[in-house]
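The values are calculated or read from the model by the stated rules, or taken from the named source; none is laboratory data. These numbers were taken from a predicted model, which means no experiment stands behind them. Note that each Cβ is placed from the backbone with ideal geometry, even for glycine, and that neighbours are counted across all protein chains shown.
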Amino acid sequence: MNEPLVMCRGLEKTFVSIAEELRVLDGLDLSIDVGSRVAITGVSGCGKSTLLSILGGLDRATGGFVRVGNWALESIIERDLSTYRAQAVGFIFQFHYLLKDFTALENVALPAYMRGEKRTEAFKRAEALLSDMGLAERINHLPSRLSGGERQRAAIARALINRPSLVLADEPTGNLDFASACTVKELLFSLSARYGTTLVLATHDIALAAEADIHYELSNGKLGSS
């Protein structure tokens, strides 16, 4: 029996301020198999983005255990978290965060190039990914010359450039019109078959979540099946 890619047990996250102590994750358990497509829904502020940030190594839990592959995220040092983010995870956000002065090709290739990959190899793979996203004719365009849907497709290509085992998508269709959202949805749910990745997405869109293999609702700091 294969080990799950993601394993969380008793996961807790508490934000403390002068005024209050807010626990957004409260003993959360989660197991995700390799290649699964998982959607997490819930009301605004319930902790969806916080959970994705912890899985992506952008934030740390305040309690519990979280493992992704061979990475025990609750205990590794910050330098190793940086390595984990570069090697194991691809991020897709509601806003594309493409660098405005870089072409689509340069934006996608940059994470691989920064990891030390040869420029020619990084750009070759970036071009292939953009082509897979239907952007073969747009690779030399700046973000300002791309539509919203095209920018998000370029962001998906960028998330895949370092061959991550886990892709985390936070409201990936939230800023898109209906047609562009449908295209992005189809691309996201094809990632497992096409690239061997596992997808975890947070969304308010129940129709989008319904397309996932597994749909959880996050409420009161815990996950329930939906």
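Looking at Glu211, Glu217, Glu186, just one residue is of a type outside the set (S, T, N, Q), touching a Ser or Thr at 6+ places or on another chain (Cβ under 9 Å) and surrounded by fewer than 19 Cβ atoms within 10 Å (Cβ to Cβ), and that residue is Glu217.
Determine if region 114-129 includes at least one residue that is at pLDDT below 95, among the charged types (D, E, K, R) and in a helix (DSSP H, G or I). Looking through region 114-129, at least one residue is at pLDDT below 95, among the charged types (D, E, K, R) and in a helix (DSSP H, G or I). Among the criteria (1) surrounded by 15 or more Cβ atoms within 10 Å (Cβ to Cβ); (2) out of contact with any helix residue (DSSP H, G or I) (no Cβ under 9 Å at 6 or more places or on another chain), the one Ser17 does not fulfil is (1).
Of Asn140, Asn162, all but one fail to be in contact with a Pro (Cβ under 7 Å, 6 or more places away or on another chain), at pLDDT 95 or above and not hydrophobic (A, V, I, L, M, F, W, C); the exception is Asn162. Of all the residues in region 71-88, those that are in contact with a Gly (Cβ under 8 Å, 6 or more places away or on another chain), among the charged types (D, E, K, R) and more than 16 Å from Ile161 (Cβ to Cβ) number 1. Only one of the numbered conditions (1) closer than 25 Å to Asp205 by Cα; (2) assigned to a loop (DSSP other than H, G, I, E, B); (3) in contact with an Asp or Glu (Cβ under 8 Å, 6 or more places away or on another chain) is not met by Asn2, and that is (1). Quick check on Arg194: is it buried (at least 19 other Cβ atoms within 10 Å of the Cβ) and farther than 27 Å from Thr62 by Cβ? For Arg194, the condition - buried (at least 19 other Cβ atoms within 10 Å of the Cβ) and farther than 27 Å from Thr62 by Cβ - is not met.
Each row is one residue, and each column tells you yes or no for (1) closer than 21 Å to Ala181 by Cα; (2) of a type in the set (Ser, Thr, Tyr); (3) crowded, with 17+ Cβ neighbours inside 10 Å.
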site: Phe93; (1), (2), (3): yes, no, yes
site: Leu99; (1), (2), (3): no, no, no
site: Leu105; (1), (2), (3): no, no, yes
site: Ala109; (1), (2), (3): no, no, yes
site: Arg158; (1), (2), (3): yes, no, yes
